[in-house]
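Below is one structure; the comments refer to it alone.
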Amino acid sequence: MDRVSIELENCYGIKSLQKKLDFSKHAVYALYAPNGLMKTSLAQTFLDISNGQASQDRIFPDRVTVRNIADENGVALTSESVFVVCPYDAQFAHTEKTSTLLVDLKLKKEYDQLHVGIDNAKEALLKALKEQSHSKKDFEAEIASAFTSDDDFFKALIRIKKELLDQKETPFADILYDRIFDDKVLSFIGTKDVKTALEGYIQRYNELLAASTFFKKGTFDYYNAAQIAKSLADNGFFDAKHTVHLNAATANGAKEQLEISTQKELEDVITKEKEAIIKDKALRKKFDDVEKLITKNVTLRDFKDYMVEHEALLSQLANVKKFKEDILKSYLKVKIDLYQDLMNKYEAAEKRTRDIEQEAAKQSTQWEEVIQIFNERFVVPFTLSATNKIPVMLGHAPMIELEFIYHDGTDDMEMAKDDLLKVLSTGERKALYVLNIIFEVQVRKKANQETLVVIDDIADSFDYQNKYAIIQYLMDIDQDKLFKQVIMTHNFDFFRTLESRFVPYSHCLMAVKNGSKVTLEQATGIRNVFLLDWKAEFKTNLKKKIACISFLRNLIEITEGSSTVSFVKLTSLLHWRNDSAAITVADLDTIYNDMFGETSMSANGTTPMVDIIRAEAQSCITAAVGINLENKIVLAIAIRMAAEQFMVKKINDPVFWAGIKVKQTQVLLGKFKKLFAKDIDSIGILDRVALMTPENIHLNSFMYEPIVDMSDEHLRKLYAAVLALK
């Protein structure tokens, strides 16, 4: 991007603009544009490119818009290659992209690698649990909520580790999870009538268990007895010719042992014992009560069918929370190898993660460099820091969280950003905005993204200290080959400071409007225009000679005072006084020579200066449109002189005129309004003279921004209007 060509038509009020910017030797341009000319429109056009949007003319949207902004190869600038800094954007803030400034790629890679194994093991376990349970549920969330109060999956797995390893059986491993832990089912179970019915069933069930020959509540009951039989068979217990002895209570209270040598014998005993319980009339009545309640709710058909087939599960519904835990632990116990693989990887990673985090905590990052730049350079009543540096560095937190500490003398207060913004001045809020701009620039550096940075009046509303801090940062950007800058401003003092610090004079442009067309011209008069431009041509360029009158008068006032002959004579060239017409070119040359120790004289020494002023003002009327700093001064002097001459003639009071000592234009205008109050048209023109000309005349080498800001087109029209006064 060594060169950028701009061709615009009908872009937000810019009817026509063509310009080629050459960044091959210097990577920055400064552009001065008076308020309302084109600066914001140009920034918006570049912003459209950055946002990937089309440009248009907002006032006349039907006009055909042309926007060709391309590099030296004719390739249009991409959205990624353009960054527009608006004067202030309260919504512009650091983003997830900004957080990459904290990431340490080496540590993140190791951290990610540690967690790849964990993630894979976790995925395998969760998949197996879904298959085991025939469920569509998110078992990460189910396990986390079942075993912890803060829904932490790994914390839950750690909490039940010893229980799982000690657990021998998996009585609920084959339960269909969704048939029970459905929101409608759980809501139904929680109703008063159902609770009452279940309590009745469970009470009778427990009574039968207590009277059972072989079953015992909580250890060898109705449900897990069959699981034990299956487990023994699956593990080859009976094939190895082992036997099981069941203790049976006799009618007289004595104990008898029943020896079991096959799976079938054990299952037959269990089935017989189950049937003794199931066929109990009282229990059947209790079950029917529960079934009727379920049947009334048509949405619980699957639950009803499942309970009919697995009646023993009803006894577990007295404590749904514990039942859920027992089921999940049964699933996990069945998949104990996958569980242990996950836990081994997790615990190993946890130890190394702590080491990585300690290492990360010691590091300084690019993000912290941004913070340091901001805290050290900008004068604001707060400091800031990142509160979650380590998580962001390792890539497992998406966004930087800022902490703002407000300082008020000896007291400090931590504040949220929104609250902070309410108490900051405009300049301080803009300083915080600049922080986010620094973030964006640093991100682009890290991404090695070549970028055209278009800056629209970033320093407006800043105090001088922060304004210079911004300029220093723009200078820093200029040192990086990735960046090209176009710094736009309507503040002439800021424009001059840019040129004095780091923008070459040849890269200082001024926006000029000529009819419907806007041109970007080489700036003039940025530095001391009197010393560096006009003084050298005082005796050869008539417009510059006239423009020097105010400077000479200013210098004499500073060095000799306002009562000297030279000061009075120069004042007569800026107003219409009784001696104005008699002052010649030679008189002005003499004052100049006395000031600067010169002896040469202009060739037209006898010519009255008022004639020179009128002639040069007339030539300004037809001059090409441009910056024309000296033209504006010539026109302003000619306008005021002609306006005062008109008022002096109309008032026709030589004594009054001669008695005016200061602010002659205002005094004459006040008198004119009293005498000719009905001459509204003339008063209107003369008011414009009083409003527009003083700043163009009473200028000095340190402050002439009002002249630069004003188009000489307005002065041309005003001069014509004054000459037409009658």
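Bear in mind that the values in this text are calculations on the coordinates, not laboratory data. From a predicted model like this one, the values you see are computed outputs, not experimental measurements. Here the Cβ is made from the backbone with ideal geometry for all residues, glycine too, and neighbour counts use every protein chain on show.
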Unit charges on C-beta of K, R, D, E only; dipole of the chain, Debye:
1860
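Taking only complete DSSP H runs, can you tell me which helices of the chain stretch 20 Å or more along their own long axis by Cα positions and average at least -0.5 on the Kyte-Doolittle scale? Can you show the working numbers first?
Working: long enough: 105-133 (40 Å, -0.70); 192-211 (29 Å, -0.40); 263-278 (22 Å, -0.63); 281-296 (23 Å, -0.89); 320-334 (21 Å, -0.35); 336-361 (37 Å, -1.13); 426-446 (31 Å, -0.16); 464-478 (21 Å, -0.29); 542-559 (25 Å, 0.66); 629-651 (33 Å, 0.77).
Span-like helices, by this rule, are 192-211, 320-334, 426-446, 464-478, 542-559, 629-651.
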Taking a crude spin-label model, label points 7 Å out from Cα along the C-beta direction, the K272 to L532 distance in nm is 11.5
Let me know the Kirkwood hydrodynamic radius for the chain, please, with Cα pairs as the basis and the value in Å to one decimal.
34.9
What share of all Cα pairs of region 451-497, in percent, falls into each consecutive 10 Å distance bin?
25, 58, 17
Linear extension gain, E598 paired with V308, 0.36 nm per residue minus alpha-carbon span:
92.3 nm
Just tell me which lysines come within less than 22 Å, Cα to Cα, of K296; anything on the same chain fewer than 8 places away is out.
K184, K192, K195, K285, K286, K304
What Kirkwood hydrodynamic radius do you get for region 529-570 when you take the inverse of the mean 1/r over all pairs of distinct Cα atoms, in Å?
10.6
per DSSP, antiparallel bridges as share of beta bridges in the chain, % nearest 5, sits at 65
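Give the Rg/Rh ratio for region 552-604, taking Rg as the radius of gyration of the Cα atoms and Rh as the Kirkwood radius, to two decimals.
When Rh is taken as the Kirkwood radius, the ratio is 0.96.
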Stretchable slack from E368 to T387, in nm (0.36 nm times residue separation minus alpha-carbon distance)
5.7 nm
Going by amide H atoms built from the backbone, whose H comes under 5 Å of the H on F382, apart from near neighbours?
H407
Of the residues G659, I458, L176, the Cα lying farthest along the dipole of the chain towards its positive end, which is defined by charges on the beta carbon of Lys, Arg, Asp and Glu, belongs to G659
Set of lysines near K130 by C-alpha distance (under 19 Å), chain-local residues within fewer than 8 positions excluded
K122, K324, K329, K333, K335
Just need log10 I(q)/I(0) for region 430-578 at q = 0.20, 0.21 Å⁻¹, Debye formula, equal scatterers on the alpha-carbon atoms, no solvent, rounded to two decimals.
-1.23, -1.29
Dimensions in Å of region 495-574 - Rg and Dmax from alpha carbons:
16.5, 48
When N is the residue count of region 529-723, what does its C-alpha Rg come to as a fraction of 2.2 N^0.38 Å?
1.00
Cross-link reach from K15 to lysines, straight Cα distance under 19 Å and at least 8 residues apart if same chain, gives K39, K513, K517
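Under the rule of -39500 (n - 2.57) per DSSP H run of 4 or more residues, summed and divided by the residues of the chain, what mean residue ellipticity at 222 nm is obtained, to the nearest 500 deg cm²/dmol?
So the helix-based figure for the chain works out to -16500 deg cm²/dmol.
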